[in-house]
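Structure first, commentary second.
The values are calculated or read from the model by the stated rules, or taken from the named source; none is laboratory data. Quick caveat, the model's predicted, so the values are computed rather than measured. Please note: Cβ atoms are built from the backbone with ideal geometry, for glycine as well, and neighbour counts cover all protein chains shown. Each accessible area value is taken on the protein alone, full model and side chains, heavy atoms only, with ligands, DNA and RNA left out. Shrake-Rupley method; radii C 1.70, N 1.55, O 1.52, S 1.80 Å.
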Amino acid sequence: VQNRALAGSNLALVYQMKLPHNMHFTQNAAYNPSFNTPRAYSANETDSVTIPFFKNLSFSMGTNDSYLNAPPATLPPTRRNSFQLTTGLSYTIHSNY
C-alpha cells in the first residue's frame, strides 16, 4: 500500500534451544498487521544455529525470510518475498560481572 499512514502492531516470538555439544538454535518470528488497511501486513522469520569450534570461537549459520503482502508498485516490480542465507564467526568474551 503506497503513501498510507498505517496503524498496527507487532506480534513476535523468540524460541531458543540448547543443543548437544554446546550448540544453540534461535528462532525469531514477527507478524505486523495493519488495523486500518487489513491487506497491508508483513511477516519476518530469522533462524540461526551457533556451533562452537575452537575455544571462544563459534561458527553461525542462519536464514532470514521476509514477506510483504502489498508492496508498492515500482519498476522493476517489488517481490513480496525475500530469503537470505547468512554465515558468520563470533568470538565470546567472558566477564566476571
Please give the charge dipole size of the chain, origin at the Cα centre, charges +1 on K and R Cβ atoms and -1 on D and E Cβ atoms. Round to the nearest 20 debye. 140 debye
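When only DSSP loop residues count, what trypsin sites (Lys or Arg not before Pro) in region 9-97 have their Cβ near at most 12 other Cβ atoms within 10 Å?
Numbers: sites: 18, 39, 55, 79, 80; in loops: 39, 55, 79, 80.
Passing sites in region 9-97 are 39, 55, 79, 80.
Calculate the translational D of region 2-97 in whole µm² s⁻¹ from Stokes-Einstein, where the hydrodynamic radius comes from the Kirkwood formula applied to all Cα pairs, the temperature is 4 °C and the viscosity 1.567 mPa s. Mind dumping the intermediate values first?
On the way: Rh = 16.1 Å.
Approximately 81 µm²/s, per Stokes-Einstein.
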Would you grab the residues whose amide H sits under 5 Å from the one on residue 41? Only those 5+ places off in sequence or on another chain, please, with H modelled 1.01 Å from N. 69, 70
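Roughly speaking, to the nearest percent, how much of the chain's 1.4 Å accessible area is carbon and sulfur? Don't skip to the answer; put the middle values down first.
Details: 4400 of 7640 Å².
Solvent-exposed carbon and sulfur of the chain make up 58 percent of the total.
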Give me the 1.4 Å probe accessible area per residue for the chain, excluding ligands and nucleic acids, in Å². 79 Å²
Hey, rough spin-label estimate for residue 84 and residue 65, points 7 angstrom out along Cα→Cβ, what's it come to in nanometres? 1.6 nm
